[in-house]
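The values are calculated or read from the model by the stated rules, or taken from the named source; none is laboratory data. Quantities reported herein were computed from a predicted structural model and do not represent experimental measurements. Counting neighbours? That spans all protein chains shown, and the Cβs are built from the backbone with ideal geometry, glycine included.
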Amino acid sequence: MKVILQQTVQKLGNAGDIVEASPGFYRNFLQPRKLAVLATEGALKKREEDKDALKRKAEKAHQESASLADRISALGTIRIMARAGEGGKLFGKITTKEIASAIEKDLGQEIDKRLIKTDIISALGTYKATIKLATDVQAAFNVEVVAEGSGAVASAPKPEELTAPEPEEEPAEAEA
């Protein structure tokens, strides 16, 4: 079934494209989210009229993506603090969600975690990552994972390191 995409759908096409989609995919995914409409004669005529507006919108989105990619590349290295054990092995892994929130904190702009591609990060160190913002726009950056508490001027003892004084035992009363 031929449909006209209203918005860009990953792995399917860009806004304004006429694509083939299965009836179930259209009915259950594309139509409820208003991502596509059926390619009827009336819709095709309207598409031709709206083609210029869609082209301008796509160019603006591409420019914004390119600008964001430049800003992310300019950051160079994203630093993430994580708890680590002996030998630099992390307690858990650094996820793309954590990387996205670190970028958001540095740039002040929301980043979709699904756009970030990196290797599995399970130890301290520096890793390469990329973010694909559009079909032909991507930015490369480094993710540096450092242990929590490293680089602190004076570290206060952690709560589990503090020991409470043991209570004095009361002498047992003699029963008469």
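Residues in region 35-87 that are farther than 30 Å from Gln138 by Cα and out of contact with any Phe, Trp or Tyr (no Cβ under 9 Å at 6 or more places or on another chain): Ala39, Thr40, Glu41, Gly42, Ala43, Leu44, Lys45, Lys46, Glu48, Glu49, Glu86, Gly87. Only one of the listed residues (Gly16, Gly42) is without any contact (Cβ under 8 Å) to a residue 60 or more places away in the chain, out of contact with any strand residue (DSSP E or B) (no Cβ under 9 Å at 6 or more places or on another chain) and outside the structural domain of Ala129 (by TED's automatic domain parsing). That residue is Gly42. Residue count for region 19-37 satisfying the condition of being in contact (Cβ under 8 Å) with a residue 12 or more places away in the chain and surrounded by 14 or more Cβ atoms within 10 Å (Cβ to Cβ): 7. The residue of region 1-19 that is nearest to Glu48 (Cα to Cα), among those that are part of a loop (DSSP other than H, G, I, E, B) and hydrophobic (A, V, I, L, M, F, W, C), is Ala15.
Taking the residues in region 66-90 that are in a strand (DSSP E or B) and of a type in the set (Gly, Ala, Ser) as candidates, determine which candidate is surrounded by the fewest Cβ atoms within 10 Å (Cβ to Cβ).
First, pick out the residues of region 66-90 that are in a strand (DSSP E or B): 77-82, 84, 89-90.
The next check asks that each one be of a type in the set (Gly, Ala, Ser); those that pass are 82, 84.
Values: Ala82: 18, Ala84: 20.
Result: Ala82.
Answer yes or no: is there a residue in region 49-59 that is surrounded by 14 or more Cβ atoms within 10 Å (Cβ to Cβ), closer than 20 Å to Lys11 by Cα and of a type in the set (A, V, I, L, M). Yes, that holds for at least one residue. Among the residues making up region 127-163, those that are of a type outside the set (Val, Ile, Thr) and modelled with pLDDT of 90 or more are Tyr127, Lys128, Ala129, Lys132, Gln138, Ala139, Ala140, Phe141, Asn142, Glu144, Ala147.
Here the condition is being outside any strand (DSSP E or B) and either polar (S, T, N, Q) or out of contact with any helix residue (DSSP H, G or I) (no Cβ under 8 Å at 6 or more places or on another chain) (or both); of Glu98, Glu110, Glu144, it holds for Glu98 alone. Contact annotation: residue pairs with Cβ atoms under 9 Å, 6 or more positions apart or on different chains, pairing a residue in region 136-150 that is more than 15 Å from Met81 (Cβ to Cβ) with a partner that is surrounded by fewer than 16 Cβ atoms within 10 Å (Cβ to Cβ) and of a type in the set (D, E, K, R), are Gln138/Lys117; Ala139/Asp70; Ala139/Arg71; Ala140/Lys128; Phe141/Lys128; Asn142/Lys128.
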